[in-house]
Each structure stands twice: as C-alpha cells, then as structure tokens.
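Chemist: To start, I am sharing the structure in question, which I have written as structure tokens.
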Amino acid sequence: PSDGVDPLLDGLNPEQRRAVVARGPALLIVAGAGSGKTRVLTHRIAHLIREKEAWPSQILAITFTNKAAAEMRERLGGLLGTGVEGMWVSTFHSACVRILRREAERFGYVSGFTIYDSADSRALLKRIIKDLDADTYGFTPANTSAKISKLKNELTDASDYASTMNASDPRERIFTEIFTSYEQELKRANAFDFDDLIGQTVQLFRAHPDVAAIYKRRFRHILVDEYQDTNHAQYSLIRELTKSVEPEQLATLVPPVRERELDGLGRIPGASLTVVGDSDQSIYAFRGADIRNIVEFERDFSSAEVVKLEQNYRSTQNILSAANAVIGNNFDRQDKKLWTAEGDGDKIVGFTGYSQHDEARFVAEEIEDLHRDGMAYGDIAVFYRTNSQTRALEELLIRSAIPYRVLGGTKFYDRAEIKDAMAYLTTIANPFDPISWSRMLGTPKRGVGPMAEAHLANFQEAEGVSFHQAMERAEEIPALGPKIRTTVVELADMLARATAMALGGGVTDVLPPVEEEADAEAAEASQKKPAPVADVLKLVLDSTEMIEKLRAKRDPQDDARAENLEELLAVAREFDAQQPGAGLLAFLTEVSLVAAADDLDDQSGTVSLMTLHTAKGLEYPAVFITGVEEGLIPHQMSVDELGGINEERRLMYVGITRARQKLYITLASTRATFGDVAVAMPSRFLQEIPEALIEWRQSPGEVTGRGGTASRALNAGRAPGAGGSSGASWARNRDSQVSFGSGGGSGSAAVAEPASGNMQSSLDKWRERKRL
Ligand code: ATP
Ligand code: MG
C-alpha cells in the first residue's frame, strides 16, 4: 500500500511476520497460549490472497469449532476488505460433510444423508444390543458407542476389527457382531455418525483416487489450527489431501489441467500445509487426539519450516507466571516459558467458600463489582470442569439478576418440539432414515399407531422403496384401515410437495475446482437453486398445525414450545438470508454440526458459562475458574489413568491462559454431589501456583465450617440488584436461550422429554412386531 502501512504485517513481531510470509511446502508454528498463533494463521491466509498467490477457493482452513471458523472468516473479511466466498474455513467435520454430500453416490449413499448425533447412534445401538441379547455380556449403548468411536478414530472398521480380534473370546465376537450390524444399519438408513464423517472421507479418497485428485488439485494451501488435538483419522485426511496428483489421474480432471499447474515430474504438487498448535493445550486424548501428530510433524513433513513464538499478547505477567508454574509440573514436555510486555497486572484472586453455594455467591458478587466498575458482562467468563457444577452458579446469577448464558448446555436443537420439526426436514432430505421418519409420523398425533407404522415399515423394506414411497402406496397395504390409509397418503402428498421444493437444483454448496474466480461464479450461477428453507419449514408447520395445536392447549409450557418453533422459523429465515440458495441440505448440515462452543448469538451482554474444554482458543478480560478441588480438577476419573493427571494439568493451563486481566480461582471446602455432602480438598494444581501470585479473599485454611462464615451466608441474601428483578433475569435468560439455543437454565429446559427414548421405543415396537 502506498502510505507504507501494511495491515497484514505491521502489527506483528518478527517471528510472527516470518510465519506469515514463509512459502515452503510445510510450516509448523508451535507456541504457548496467547502468542498469536490463530492471528498469524489468519494473517497468513490474507497475505496469500492479497499477494495473488492463491484464490480464496484454493484455501482450506481448519478450525476447532464452527464459532472459531465464523470468527476467522469475519477477520479475513476485515483484513482483505472483501468477502471471502468460495474459501473453506471450517471444522474437519463440516469440510468432510461438504465433500461427502457431493460424492455420496460414489459409495452407495445418497446426498441427502442424515448425520446421526450421539443420541441417534445410541438409540440404534440399543436396539442392536437387544436384538443380539448382548446386554447379558455387559454391552451397553454407552460403552459400545465409546468403543466404536475410538476404533473409527483410528480408521478401524468392523471387518478390520474382525480380522484382528481374538476369536476365542466370546465377548469380542459379540462386539464384532454389534459393530458390523451397526455399520449395516447406518448404511441402510443412509446415515453417517459423527466419526464416520472423517473416516469415510478418508476411505473415499483412498478408494477413489480420481475423487481425491479433485480436492488435492483444488486446495493449494491447507492450514490447521489447534493441531495438537487432531486424532489419527484427521491426521490421515490431511495426509491424503497434501499428496501430489499423479500423472495417471490428470486426464480425469475438469477443467483440463494446464501446464503451469504441474511440477517437473508432470504431477500436480501437493498442497502447502501449515499447522499451528501447542502440545501443552492438548486436552482431547479421550477422543483419540494424538499429541504425537504435532511432536512428529517435522519427521512426517521433512522439509518443514518451524516457527516458535514466545511473547504472549493476551495476559498479564502474573497470570502467565501462574500458567507457567502449573504446566512446568508436567515432565513429558519441552520447556517453554511465556512472557509478556504488559506488566504484572493484578494478583490472582483466590476464594474458598464453605459450600458450592457460598462459592457461587462470591462469583456473583464479584461479577457485580466488575460490572459496576465498567466491565461489560460479555467480557466475563466462568469455567468449570463438569456440567453438573452449573446449577449452584446459575441459581446465584439468577438471584443477582446477572444475564448469562451456558455455552454447550441444553441445546435448542435438543428440545422435543424442535426435534419434531427437524424430523420432518430430515425425512424430506433422506426418506430412507427410519429414525426421523418414525418421529415425523408420530408427531403430532394423527392416529397412526405403532401397528400401522410397523406395516408401513415392513412394506418399505419388502418393496425396497423409500419410507415416503411406502406411504404413497398405502392403498396396497390391506392391513391398514381405510382412515389410516387416507391420513398416510395425505401426509405423503405433503412431503412430496415439500421435497420438490426443498431439493430444487440439487447440491450447490460445493463448487467445482476452479482456476479463476470468474469460473466459480459462472458455475454457481448455472445451478438451479433450491427453495428457501423457511418456505419448506412453513409448509410443514402450516400443514401439520404444530404451532396452533400447542397454542390451543393454553398451557404456558406449550406456549414456550410454540415460541421455540417460531424461533426455528426465524433461524431458518436468517440462514436463507445469509446463504441465499444454499437450501435444506446445507441447513441440516449446519444444524447437525453446531458444536458445544458454538453459539450463533451475540454474546456482548451476557456472562458466559462453560466447561474448561469448551474454553479452548477463547479469551476474556475476566475469568473465574471454579471448583478447583481434588476430584474435580484433576477429575476423579483421570487419577487412575495413565497420563490422566498430565492431561488434567493441561486443562488447567488452558483455563488459566484464557484470562486477559483478571483471574479468579475459587473452590469450596464442602461440596454436595448426588445428595451427599463431602469434604473437598484444594486441587494439587492450586498448590503449584506460587503463593505470592495469589491474593486470598478467603484461603482454604480460613474456612473451618459453617460457623465461621455465617455472616456471609446472611450476606448471600443481599444479592445486588435483586428486589423484584429476578423475574426479569429469568425472562432475559430465557430470551437468550430461545433466540439461539444453547442458553442456560430456564424452566423449559427441564421439561424437554428424552427424545431419543421415544424414537427408540416406537422403533423397537415395529421391529418387534416384524419378527412375530
Ligand atoms: P491459544 O493458544 O489460546 O489459541 P493463540 O496463540 O492462538 O492462543 P491468539 O488468540 O492468536 O493466540 O492471540 C492472543 C491475543 O493476542 C489476541 O487478542 C491477539 O489479537 C493478540 N495478539 C497476537 N499477536 C499480537 C501482536 N503482535 N500485537 C498485538 N496483539 C497481538
Ligand atoms: Mg488460538
């Protein structure tokens, strides 16, 4: 730029700048928390585009959450001053869904496939376990789904497992049967579970080099944030994508390959790969994350350039010193120390309550004080190790009229009425999925009972048609009464209309590989667009009268449900506005991938509550880490596990390093769990923080029992800003929850029925009948 100011490089230190401009085939950025890794990654992408070294469509940037992806896209827009359409900035899961939607037909799936969440997977496993009488061997949906997930993350499928198992062990044989049957049922339902998304994409690339070639050619630059938490399947995906396209694959590519795409050996060279991570922040070993991926990067990618960053720009020195002290106790790491030019800042504030309520009261009062001193609620976050810790906190926040939200709490999309409406949309996209079809048929009640459902399902299976076609042909099923036949045919008719609307021109969310941006736009314009999602949903809601039926009950809880459905309509409209022409499949994809940390809502006016895991990558001016006790952090379950304590220590390190200016560490001396009150001991991690860094408001030693803190208990009643306003807080909290979902603690969350249970029982029933 002419004025000599370069927005992409000027705000960076020399090492950061080196990472932005490096142009080798592989770059590894290893650095502690808050040292600007994510910032460097973002600037590097912007730099590649600005210098015309890549089109946006040639970039694949992988983030850990959808929220982080949205933030990165927004920053890129700001840095480049233009939109970044065509660029893939997404999680591993989202990127894989986009690929699978486009390529599904290659391996016997249909593009409208359903993505089973963990409740759906467990519902399916429950039935399989029952069919095989496997529960007598101790198999449960929970333990089998965990084991299958682990295997899938290692890219082991049922037949691989069968070939290596110990066949003389009956438990292993039965597990293999469960696993095999689970794979078959998923395929029959045209569904993938969460782990499949990545594993199947890897299989697809390996089995179809011509398909892999399309994506290898397209993505010239692959950048991965939070690389320390990749598992084997994700690692393999990256490896596949960064391989070169061999000469024999070139002929299949469209548009035809041009000379300048090739290297000296006549291949399209592999993409450049940038990975960014901090092995001290690896906290997903339980999901198969493998720290070796980052440790061994230099060996895997031999020509890799390495950049280390040490200056921290996020936190004050006191906070960093505490973080360094804690993580320094992990013996299995390379020593690196963070420093800042910011100065010491305030001391860490410590507080020990006599109970979790006393602890929560302290948190609420401090938040009020911070707020009075001018800090926005949105600048404050409260972390905890387990979700069960939120109740006491929420009670006190409500009492103090502090607006808050729970990230990753009961989700909007988990509510029964939302699942009902979503079942319609899912069955429209995938008329082979028994789970959504069954749920759709059963709600609202229309006189089609389990018996009729079983007849339809049997017909579907016998004729090899979709569930919708089976309904259309209800006249051919003599066992159905005439009234039911009419109902079912009418329903099928409505679904057919909705399907025609929804699927319009087919898949539009993946563009063909392009050389020039203009090609991309032309290609997109030439595809027919599906109808807006809101129109499809409106048709469903109107024809089923779901909202009217809830309103007619004149029950406040049903009113809230009706409002939620209206909110879903608003979400759909917003989606249509943001992604015109994307349509139902893209909408379903987005909904099914909304991850724990993902809250689409504006968070400026509310305190954020979340688990330590959810906090990764985020930063807040003020942070409370609560429940810093033995048994919570480190968690009881980690104590006996190999490396478990070290992983918990990294989690504590992640928590501490989220804070910019103010860090509070709180605990209780007694804690009630499952109705028992037990004495709680301060966490060993607390003792690893040098005493001089903490200013105790009440140290563990000062809390001797109820007597000593009676006056505090009385004080708890003096919740600032109370006096009739707690009702307003409920309303506010409910609003925030209703508007996008993962907000917390309102009454309506408690009344949501266990959805999968219902789906399961009706499924069980028709399967049961089928056997008779
Ligand atoms: P984490 O390990 O927690 O993911 P990170 O290494 O990705 O952290 P960033 O989130 O990129 O760190 O940066 C931390 C903070 O420091 C951000 O607010 C960022 O804008 C700021 N920052 C990074 N580099 C600089 C710099 N050179 N000058 C000023 N601020 C910076
Ligand atoms: Mg980061």
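Chemist: Which ordering of S604, S315, S699 is given by a fewest-first count of other beta-carbon atoms within 10 Å? Write out the running numbers ahead of the final one.
Modeler: Numbers: S604 9, S315 26, S699 14.
Result, fewest neighbours first: S604, S699, S315.
Chemist: Could I ask something else about it? Starting with the fewest neighbours, write out H635, H93 ranked by other beta-carbon atoms found within 10 Å of each beta-carbon. Intermediate results must be reported in sequence, preceding the final value.
Modeler: Working: H635 17, H93 21.
Fewest-to-most Cβ neighbours within 10 Å comes out as H635, H93.
Chemist: Restrict the search to the stretch 221-325; then list the trypsin sites (Lys or Arg not before Pro) that DSSP places in a loop and that have at most 10 other Cβ atoms within 10 Å of their Cβ. Could the numbers behind the result be given before it?
Modeler: Details: sites: R239, K243, R258, R260, R267, R287, R292, R299, K308, R314; in loops: K243, R258, R267, R314.
The qualifying sites are R258.
Chemist: Also: For the charge dipole of the chain, defined by +1 on Lys and Arg C-beta atoms and -1 on Asp and Glu C-beta atoms about the Cα centroid, which residue among N430, P556, F412 has the Cα displaced farthest towards the positive pole?
Modeler: Selected residue: P556.
Chemist: Under 8 Å for C-alpha pairs, at least 6 residues apart: give me the relative contact order for the chain, rounded to a whole percent. Can you show the working numbers first?
Modeler: Numbers: 1272 pairs, mean separation 148.9, N = 772.
With pairs under 8 Å counted, the relative contact order is 19 percent.
Chemist: So, one more: What does the charge dipole of the stretch 114-189 about its Cα centre add up to, to the nearest 20 debye, if the Cβ of each Lys and Arg holds +1 and the Cβ of each Asp and Glu holds -1? Mind showing how you got there, number by number?
Modeler: Details: 11 positive and 13 negative charges, 33 e Å.
Dipole of the stretch 114-189, to the nearest 20 debye: 160 debye.
Chemist: Could you tell me whether the chain comes out rounded, prolate or oblate from its Cα gyration tensor? Rule is a ≥ b ≥ c as square roots of the eigenvalues, rounded for a/c under 1.5, then prolate if a/b exceeds b/c, otherwise oblate. Walk me through the numbers before you get to the answer.
Modeler: Details: a/c = 1.60, a/b = 1.15, b/c = 1.38.
Taking the square roots of the gyration eigenvalues as a ≥ b ≥ c, the chain is oblate.
Chemist: Rounded if a/c is under 1.5, else prolate if a/b is larger than b/c, else oblate: which is the stretch 625-696, with a ≥ b ≥ c the root eigenvalues of its Cα gyration tensor?
Modeler: oblate
Chemist: Further question on the same structure: At most 11 other Cβ atoms within 10 Å and a DSSP loop assignment: could you name the trypsin sites (Lys or Arg not before Pro) in the stretch 38-139 that fit?
Modeler: Qualifying residues, ordered by number: K52.
Chemist: With a sphere of radius 13 Å drawn around the Cβ of W696, what net charge do the other residues whose Cβ falls strictly inside it have (Lys, Arg +1; Asp, Glu -1)?
Modeler: Numbers: positive: K347, R697; negative: E691, E695, E702.
Taking every Cβ under 13 Å from that of W696, the sum is -1.
Chemist: What residues qualify as long-range amide H neighbours of E226, i.e. H under 5 Å apart, gap of 5 or more or another chain, H built at 1.01 Å from N?
Modeler: V276
Chemist: Now, a different point. So, R0 is 41 Å and r is the distance between the beta-carbons of N13 and D559; what FRET efficiency does that work out to, to 0.05?
Modeler: Working: r = 56 Å, r/R0 = 1.36.
Result of the calculation: an efficiency of 0.15.
Chemist: Any lysines with Cα under 27 Å of the K67 Cα? List them, leaving off those in the same chain fewer than 8 positions away.
Modeler: K37, K150, K152, K216, K308, K411, K419, K529, K616, K662
Chemist: A further question on this structure: Note down the magnitude of the dipole of the chain about its Cα centre, charges +1 on Lys and Arg C-beta and -1 on Asp and Glu C-beta and zero elsewhere, to the nearest 20 debye. All intermediate terms of the calculation are to be shown ahead of the outcome.
Modeler: Values: 89 positive and 112 negative charges, 145 e Å.
Taking the Cα centre of the chain as origin, the dipole is about 700 debye.
Chemist: Tell me, Kirkwood radius of the stretch 309-425 from alpha-carbon pair distances, in Å? Before the final figure, lay out the partial values.
Modeler: Details: mean 1/r = 0.0563 Å⁻¹.
Averaging 1/r across every pair of different Cα atoms and inverting gives 17.8 Å.
Chemist: In Å, what Rg and Dmax follow from the Cα atoms of the stretch 187-242?
Modeler: Radius of gyration, then largest Cα-Cα span, for the stretch 187-242: 12.4, 36 Å.
Chemist: Using just the helices of the chain, give the 222 nm mean residue ellipticity in deg cm²/dmol: DSSP H runs with n ≥ 4 each add -39,500 (n - 2.57), and the total is spread over all residues, rounded to 500. Numbers along the way, then the final one.
Modeler: Details: 33 runs with 373 residues, N = 772.
Calculated from helices alone, the mean residue ellipticity at 222 nm is -14500 deg cm²/dmol.
Chemist: Next question. Ranked by Cβ crowding within 10 angstrom, fewest neighbours first, how are H455, H613 ordered? Provide the component values of the computation, followed by the final result.
Modeler: On the way: H455 22, H613 18.
Arranged by neighbour count, lowest to highest, H455, H613 become H613, H455.
Chemist: How large is the convex hull of the C-alpha atoms of the stretch 31-111 per residue, in Å³? Can you show the working numbers first?
Modeler: Numbers: hull volume 9.2 nm³, N = 81.
Roughly 114 Å³ of hull volume per residue.
Chemist: Under the rule a/c < 1.5 gives rounded, and otherwise a/b versus b/c splits prolate from oblate, where does the stretch 413-591 land using the Cα gyration tensor? Don't skip to the end; give the middle numbers.
Modeler: Numbers: a/c = 2.69, a/b = 1.39, b/c = 1.94.
Oblate.
The numbers here are math on the coordinates, done by the rules we state, and not lab data. No experiment lies behind these values; they were computed from the predicted model shown. Using ideal geometry, Cβ is built from the backbone for each residue, glycine included, and neighbour counts are taken over all protein chains shown.
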